[in-house]
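Just so you know, all these numbers are worked out from the coordinates, no wet-lab data involved. Please read these numbers as outputs of a predicted model, since none were measured by experiment.
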């Protein structure tokens, strides 16, 4: 129909007809190309929209990855600090352990010394006990001597000065005995 309209408009020659027909073919091809290009434009617009959405997703993923990387770096720095702290704490604990081992050795040495001292003190206590027994015997002798001196003193009033000297010696002996007994009592209380 379009061909007829074109033929009427341009006249009636075969050349005109051929030329018109070529123009119509070109118009038809241009219309098909335009349809094709419209479809391509629609398809490419959809692809652009899809790719834009994917790019937004990629941007979000990149942002999340950056945040994760920053978080990882922060945790890494914190871990390095913790490792350094733990290393220094380990060194402190090793030093404290060494000091405790040294103190334990000292305490064992002191325990050994104390055991030896205790043994020596018990030996001295036994010596003091036997000394006490001898002193008690001496006291008995002194008492009987005092009694005999008293008796002699009564019998011999003129020899008072000699008796006085003997009494002073006896008094001193009694005083020494009393001091030793007090020391012995104190030692027993401590043990």
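Data for the structure
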read-out	value
Kirkwood-type radius of the stretch 46-138, with distances r between different C-alpha atoms, in Å	21.2 Å
Residue-averaged 222 nm ellipticity for the chain, from DSSP H runs of 4+ at -39500 (n - 2.57), nearest 500	-36000 deg cm²/dmol
Percentage of interatomic Cα-Cα distances in the chain larger than 24 Å	79 percent
Mean separation of Cα contacts under 8 Å (6+ apart) over length of the stretch 2-190, as relative contact order %	16 percent
